[in-house]
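Reading through the structure tokens given below for one structure.
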Amino acid sequence: MSDHLHTVQAQIKAACINAGRALNEVQLIAVSKTWPAEKLSPLIEADQFVFGENKLQELEIKAPALPAHLEWHYIGGLQRNKVRKVLKHSNWIHSIDSIKLLDAINRIAGEEGVRPHLFLQVNIDREESKGGFSPEETLGAVRHASTLPNIALEGLMCIPQAQSDPEQARPSFSSLRSLRDEVSQSSGIPLPSLSMGMSSDFHIAVEEGATHIRVGSALFGARNYVK
Ligand SMILES: *Cc1c(COP(=O)(O)O)cnc(C)c1O
């Protein structure tokens, strides 16, 4: 497991060198969904402290079972009635796909005395099957988010269309980056972060400006969803 971690770290480093970026601009999020808490231990021993989960039930089991200094990123679809429970364990949410969800998080974060870091999910390839803000809606959503006192707006997130060749994801990553640049410039609102890139294509996402990469199977092996 820590061998996989070292391989992924070396690939991140190579991509940073290719792109003339500093290694500390890229945060690796180890996506531990479907794996039991004990599977995370070798990574924690190798100083990987940032993990990603996409289901509340799993977050609620693993976070209390593992060291308190870990940082949990919530990367899955989020219903408003689960926000309070997610915020108990996670101060980072990557999957904000509606104004209603933004407002709910702002209200509940205020009640709980926390200030979560948020990414707005953008449906960058305009897929029917995917949620998220359209590129056209993103400026309005960013402006709205910037008025909310109890959240820290980090930036934009995308999940590009599945491709056989990871190079084919490059235009989606560069579109998200351009959209971030345009929206930030026209609104004057800083959007420092871009959450993009998964196991098959994180090296390309890093070359295109990713600051947060969400990597699961390259670290843990293939997932088996059948319980
Ligand atoms: C599962 C998941 C990932 C990680 O996928 P891998 O291909 O295993 O790296 C990244 N982002 C999101 C939103 C996910 O649900």
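Rule-based calculations on the coordinates, nothing more; no lab input. Predicted, not measured: the structure shown is a model, and the values here were computed from it. Note: ideal-geometry Cβ built from the backbone for every residue, glycine included; neighbour counts use all protein chains shown.
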Subject >> Cα-projected label distance for residue 22 with residue 129, points at 7 Å along beta-carbon direction, nm >> reply: 4.0 nm
Subject >> Descending Cα extents along the principal axes, the range 162-227, whole Å >> reply: 47, 24, 18
Subject >> Using θ = phi - 60° and Karplus 6.51 cos²θ - 1.76 cosθ + 1.60, couplings along the range 11-27 (whole Hz; Gly, Pro as x) >> reply: 5, 5, 4, 4, 5, 5, 5, 3, 9, x, 10, 7, 4, 6, 7, 10, 9
Subject >> Projected label distance in nm at residue 103 and residue 47, using a 7 Å step from Cα toward the beta-carbon >> reply: 4.6 nm
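Can you give the extra length, in nm with one decimal, that the chain gains between residue 85 and residue 181 once fully stretched, where that is 0.36 nm per residue apart less the Cα-Cα distance?
Gain on stretching residue 85 to residue 181: 31.3 nm.
Among the listed pairs 62/85; 39/130; 55/130; 55/100; 62/82; 33/88, which have their C-alpha atoms separated by more than 23 angstrom in this model?
Check vs 23 Å cut-off fails for 39/130.
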**OP:** Taking the Cβ of residue 112 as the centre, find all other residues whose Cβ is under 9 Å away and add up their charges (Lys, Arg: +1; Asp, Glu: -1).
**Re:** +1
Subject >> Inter-centroid distance (Cα atoms) of the range 143-165 relative to the range 47-64, Å >> reply: 20 Å
**OP:** Report Rg (one decimal) and Dmax (nearest whole number) for the chain, counting Cα atoms only, units Å.
**Re:** 16.8, 48
Original post:
Roughly speaking, what is the stretch gain from residue 163 to residue 69, that is 0.36 nm per residue apart minus the C-alpha to C-alpha distance, in nm to one decimal?
Top reply: 30.3 nm
Original post:
For the range 1-96, what percent of Cα pairs sit more than 22 Å apart?
Top reply: 34 percent
